[in-house]
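Have a look at the structure below, then the notes.
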Amino acid sequence: MDTVRVRAPELTGRAWLNTGGRDLALAGLRGKIVLLDFWTFCCVNCLHVLDELRPLERAYADVLVMLGVHSPKFLHEADPDALAAAVERYGVHHPVLDDPQLTTWKQYAVRAWPTLTVVDPEGYVVAQLSGEGHAHALHRLVADLVTTHEAKGTLHRGDGPYVPRPAAATELRFPGKVLALPGGTLLVSDSGHHSLVELAPDAGTVVRRIGSGARGLVDGDPGTARFNEPQGLLLLPEDVRAAVGYDVVVADTVNHALRGLRLQDGRVRTVAGSGRQWMQGSGTEDLSSPWDLAWVDDRVLVAMAGIHQLWTFEPRHATVDVHAGTTNEGLLDGARGDAWFAQTSGLAAAPDGTTWLVDSETSSLRRLRGGDVTTVVGTGLFEFGHVDGPAGTALLQHPLGVTVLPDGSVAVADTYNGAIRRYDPAAGTLTTLLTGLAEPSDALVVEDGLLVVESAAHRLTRLRLPEEALVVDGVAHRTRRPVTELAPGEIDLEVVFRAPPGQRLDERYGPATRLVVTATPPQLLRSGEGTGADLRRALVLDAHVGDGVLHVAAMAASCDDEGVAFPACHVHQQDWGVPIRLVEGAPSRLELFLAG
């Protein structure tokens, strides 16, 4: 039977970036292999894909055109200026379509961030892949398409449509976190310049720069060491510093590593992490986007944002362990080993033994105390806003930083609301202290107030705390992602996975696939929740509960076919949060694509 060929829909959005002001159309890219990357800049998994595809872009620069389709989750991400800043911040070196209404997203029937779609030189869709970890399969697919279309005469070599935007020269570029050093100076993770900067107490004068400014994982002195979008910074206790021979731990986010900095001479060394990204089946020698750090229980607590967990690092013995979380993304309280996190991006240890944390993807403020995780502010993956008041009704929007204030309350860098918020544990209320900030990502308590990292303004800003909080009635929002209508009652869920060409399922150590299904609220699922090996499952949805979100996490392992000289094995994984609405007469089947 002949395979039905599907013509790729045209690309529709508000504007194009990285094209020199020119609009692009698929029809004008005939003869090129086109790779569409559906992403949103809040999503750490999308950022992983940007990095893992850089070698593919370079290897096939004359035949492959990569196009980003930015389909926002949060309200702030629909701001064109915020998108332009993110394209620079994350080193996106290909054209990007601004798709604020998710028009092209819907045309391509996308259900998750990130999703990759491959269009052949004749304009037909040949593959769609959800999640990360597909670089190996894409290399093989692109190579096969080059061979096929060169033979047909339908492949055109030459430069693509990418036109870089000039970046402004500033001392800091998208700084992430700030740390007070013993001598009164400040250390800043200068993420956009892939380096660390020591500033004088005035927070503006550069004392020294540590790192060459080029992306990379290189140890050495300040001029030769390399970082890759570093974020969190932690000064170790004095006795630990003396024992290990370095002073500051750096969360080197895109290198998936922890680095040690010796302040005396600025020398950098890698203290944890292999430089490889952790995937299902990896050991603790691999990390995944460590974002922030705190000193808790005589160890370094690491916000492992890339896999929605908290890990620990013990500097004296250089050991790494999983501390909390399951790798499932969501908002689930309970014992630390069972709790779900969602891209934890800020940590702060309080004197009373509480660890405060912010989960950016659920716009939540949470606390870890006595082995239990409790959510204070936040309701789920798709609800956000700027609302003050009792913790149960207050809302944040993608916060990245948290700071314990002298009175025991907590300041939250409410990044996408451009605000500093204050949570009072005694009163159980959230208020707004300051607004009008440019993507605040961290704050440091100083003598006369707060020193705030305004990441999108490329500066540190010293601000006095107001004597009275602002009153923000605010607006609640829900992600504009399309809702999937399903029939109440029994539903057939299938995650479609086909091993990439030249590979087969890896069943050497047991089942090659895994499926985890839960729901928010939990009562939505009358049956079908839990973990199993089969990628197909019967669910029963309770009509009396109403709308909700299905959380589906799938994993599949594949290896190169027998006969390959040096076979490699790969893990494919994706989490979906599918907003659903129960409607009589709607479909009773939900199909999600892990690869296909």
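If only one of T103, T115, T170 is within 30 Å of R209 (Cα to Cα) and of a type in the set (S, T, N, Q), which one is it?
On the way: T103 fails: within 30 Å of R209 (Cα to Cα); T115 fails: within 30 Å of R209 (Cα to Cα).
Among T103, T115, T170, only T170 is within 30 Å of R209 (Cα to Cα) and of a type in the set (S, T, N, Q).
The lone criterion from (1) in contact with a Pro (Cβ under 6 Å, 6 or more places away or on another chain); (2) closer than 25 Å to A499 by Cβ; (3) surrounded by fewer than 18 Cβ atoms within 10 Å (Cβ to Cβ); (4) not β-branched (V, I, T) left unmet by A109 is number (1). Going through the stretch 353-379 one residue at a time, which ones are at positive phi and touching a strand residue (DSSP E or B) at 6+ places or on another chain (Cβ under 8 Å)? Selection gives G353, S363, G371, G378.
Each residue in the stretch 376-397 was checked for being of a type in the set (F, W, Y) and surrounded by fewer than 17 Cβ atoms within 10 Å (Cβ to Cβ), and 0 of them qualify.
Does L35 satisfy being among the aliphatic types (A, V, I, L, M) and crowded, with 22+ Cβ neighbours inside 10 Å? Spell out how you get there, then give the answer.
Values: among the aliphatic types (A, V, I, L, M): yes; crowded, with 22+ Cβ neighbours inside 10 Å: yes.
Taking the combined requirement at face value, the residue satisfies it.
In this entry, A335 is excluded by the filter for residues that are modelled with pLDDT of 95 or more and within 22 Å of A554 (Cα to Cα).
If I go through the stretch 1-54 residue by residue, how many of them are over 21 Å from the mean Cα position of the chain (by Cα) and not small (G, A, S)? Lay out the reasoning, then the answer.
Step one: list which residues in the stretch 1-54 are over 21 Å from the mean Cα position of the chain (by Cα), which gives 1-34.
Applying the additional criterion that residues be not small (G, A, S) yields 1-7, 9-12, 14, 16-19, 22-24, 26, 29-30, 32-34.
Of the residues in the stretch 1-54, 25 are over 21 Å from the mean Cα position of the chain (by Cα) and not small (G, A, S).
Considering only residues in the stretch 339-350 that are closer than 30 Å to A243 by Cα and touching a Lys or Arg at 6+ places or on another chain (Cβ under 9 Å), the one that is surrounded by the fewest Cβ atoms within 10 Å (Cβ to Cβ) turns out to be A350.
Can you list the helices (runs of 4 or more DSSP H) found entirely within the stretch 69-168 that contain at least 1 residues being among the polar types (S, T, N, Q)?
Numbers: elements: 80-89, 103-107, 135-152.
So the answer is 103-107, 135-152.
Scanning the stretch 225-237 finds no residues that are at negative phi, basic (K, R) and in contact (Cβ under 8 Å) with a residue 40 or more places away in the chain. Count of the stretch 522-542 residues, restricted to those that are over 28 Å from the mean Cα position of the chain (by Cα) and of a type in the set (S, T, N, Q), is 2. A count restricted to the stretch 11-60 and to residues that are among the charged types (D, E, K, R) and touching a helix residue (DSSP H, G or I) at 6+ places or on another chain (Cβ under 6 Å) stands at 1.
Could you list, in sequence order, all residues of the stretch 169-185 that are closer than 16 Å to E88 by Cα, touching a residue at least 12 places away in the same chain (Cβ under 8 Å) and surrounded by fewer than 16 Cβ atoms within 10 Å (Cβ to Cβ)? The answer is T170, and nothing else. Scanning the stretch 520-544 for residues that are among the basic types (K, R) and under 18 Å from F593 (Cα atoms) yields R536, R537.
Yes or no, residue by residue, for (1) among the hydroxyl-bearing types (S, T, Y); (2) closer than 23 Å to L145 by Cβ; (3) at pLDDT 95 or above:
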site	(1), (2), (3)
A27	no, yes, no
I33	no, yes, yes
H70	no, no, yes
F74	no, no, no
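Residues being of a type in the set (G, A, S), at pLDDT below 90 and part of a loop (DSSP other than H, G, I, E, B): count how many of those fall in the stretch 479-525. Break it down stepwise before answering.
Step one: list which residues in the stretch 479-525 are of a type in the set (G, A, S), which gives 487, 489, 499, 502, 510, 512, 519.
Then drop every residue that is not at pLDDT below 90, which leaves 499, 502, 510, 512, 519.
Still in the list and also part of a loop (DSSP other than H, G, I, E, B): 499, 502, 510, 512.
Number satisfying all stated conditions: 4.
The values are calculated or read from the model by the stated rules, or taken from the named source; none is laboratory data. Just so you know, these numbers come straight off a predicted model, no measurement behind them. Don't worry about glycine lacking a Cβ; one is built from the backbone with ideal geometry, like all the others, and counts go over all protein chains shown.
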